[in-house]
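Contents: one structure, followed by commentary.
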Amino acid sequence: MTDFHTTVLKKETITYLQIKPKGNYIDATLGGGGHSIEILERGGRVLGLDVDIDAIEYVKSRIKNQKAGVGNNLTLVKGNFRDIAKLARENGFDNASGIVFDFGVSGHQLDTKERGFSFRYDSLLDMRMDQDLKIKALDLLKVLTRGELYELFTKYGEESNAYRIASNIVESRRVKPIETTNELKRVIERSIIRGKHEVNSVTRVFQALRIVVNDELMSIDAGLHGSLEILSHGGRIVLITFHSLEDRIAKHTFLDWEKHNIGKVITKKPILPATDEIEENSRSRSAKLRVFEKY
């Protein structure tokens, strides 16, 4: 398997976690294991969660190449971070010193043609992070009404051309169902004024479909509140978001907790990647890191 994912804001994440030797840490979005391995090397115990079995298998193979004994303190579980409290208790991590969330799609998912996340490749519109899910993106395009598609693209993609795109999808599927990334891309492109915003519209529509297929925003909300249940006093939640919808949930949740004297927001403004990180990894460009500490 190729490299799964370049870890974003790794140094900043580890710094804010304030790793304690033998402390319990949860990597709620395991991905390529970058955060987990850094925690392990500093003496922490890690519960790594991911809905994508590819991530679990990748980290299993990667941990074999680390120094002896590092893998002994790693527990890997296939599961959704929306169930983080339950999974933590089942695996003895219900007194966590720190929890990491790195939201969004992984590099591996984007670069694996068959997963259907990216319009860089022509493939079936799948977009399931958890391949046990039943509904694919192509299924949504077959059954949602014009109004439902408009709402989806507006709410989850913040797309200004949502009505024209939705209308053209409905017209196109009367002739032939839209099932591939290229088919959807062509419909979006002919729905908007050609020019500099063309790729942005395609990106936003793909993002909206991915969010809905994986129920991402509801999962984030549930995951954050579940994390609070199993976080120890003085423990920290460090999270990285990649678009405004994720960041809004994180920001407002942390501020609400602070208002109710549950803890304090450590990062009054989000931490952004340094210029050299953006140059090395363009995916980090939109990343924002926020930190909350529980009283």
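Rule-based calculations on the coordinates, nothing more; no lab input. Please read these numbers as outputs of a predicted model, since none were measured by experiment. Cβ placement follows ideal geometry from the backbone for every residue including glycine, while neighbour counts extend to all protein chains displayed.
For a label point 7 Å from the Cα of residue 111 along Cα→C-beta, name the residues of segment 54-75 whose backbone N is under 20 Å from it.
54-66
Among 211, 63, 262, which comes first, then next, by fewest other beta-carbon atoms within 10 Å?
Lowest count first: 262, 63, 211.
When the chain is treated as a GNM, springs tying every alpha-carbon pair under 10 Å, which of 214, 80, 72 comes out with the largest mean-square fluctuation?
Taking springs between Cα atoms under 10 Å, the residue moving most is 72.
Under 12 Å Cα-Cα from residue 269, which aspartates and glutamates qualify once same-chain neighbours fewer than 8 residues away are excluded?
Leaving aside aspartates and glutamates fewer than 8 places away in the same chain, those within reach of residue 269 are 247.
Taking loop as defined by DSSP and a crowding limit of 11 other beta carbons within 10 Å, which trypsin sites (Lys or Arg not before Pro) in segment 42-76 fit?
Here the sparse-neighbourhood loop sites are 64, 67.
Using helices alone, I'd like the mean residue ellipticity at 222 nm for the chain: each DSSP H run of four-plus residues gives -39500 (n - 2.57), total over residue count, nearest 500.
Helices in the chain give a 222 nm mean residue ellipticity of -13500 deg cm²/dmol.
When the Debye formula is applied to the Cα atoms of segment 1-141, each taken as the same point scatterer, what base-10 log of I(q)/I(0) results at q = 0.12, 0.21 Å⁻¹?
-0.49, -1.27
Anyone know which of 187, 175, 238 comes out most mobile in the 10 Å Cα GNM of the chain?
175
Compute the acute angle (0 to 90°) between the alpha-carbon long axis of helix 216-230 and the principal axis of greatest extent of the alpha-carbon atoms of the chain; round to the nearest 10°.
Helix 216-230 and the main axis of the chain meet at about 10 degrees.
Once both axes come from the Cα atoms, what is the angle between helix 146-157 and the longest principal axis of the chain, in degrees from 0 to 90, rounded to 10?
Between the helix axis and the principal axis of the chain, the angle is about 40 degrees.
Using alpha carbon centroids, what distance separates segment 130-186 and segment 243-276, in Å?
Between the Cα centre of segment 130-186 and that of segment 243-276, the gap is 32 Å.
Over segment 134-213, how many pairs of lysines fall under 21 Å by alpha carbon, counting only those 8 or more apart in sequence or from different chains?
Summing the qualifying lysine pairs gives 10.
If I histogram all Cα-Cα distances within the chain using bins 5 Å wide from 0, what percent of pairs lands in each bin?
1, 5, 12, 16, 17, 16, 12, 9, 6, 4, 2, 0, 0
Ranking 242, 117 by Cβ neighbours within 10 Å, fewest first, what do you get?
242, 117
Quick one: among 209, 141, 49, which has the greatest mean-square fluctuation in a GNM of the chain with alpha-carbon springs under 10 angstrom?
141
I'd like the trypsin sites (Lys or Arg not before Pro) in segment 223-295 restricted to DSSP loop residues with at most 16 other Cβ atoms within 10 Å, sorted by number.
Qualifying residues, ordered by number: 268.
Which listed residue (203, 187, 165) has the Cα farthest towards the positive end of the charge dipole for segment 134-213, taking +1 on Lys and Arg C-beta and -1 on Asp and Glu C-beta about the Cα centre?
The one lying farthest along the dipole's positive direction is 187.
Under a point-charge model restricted to the Cβ atoms of Lys and Arg (+1) and Asp and Glu (-1), what is the dipole moment magnitude of the chain relative to its Cα centre, in debye to the nearest 20?
I would put it at about 300 debye.
Give me the angle, in degrees from 0 to 90, between the Cα long axis of helix 198-213 and the longest principal axis of the Cα atoms of the chain, rounded to the nearest 10.
60
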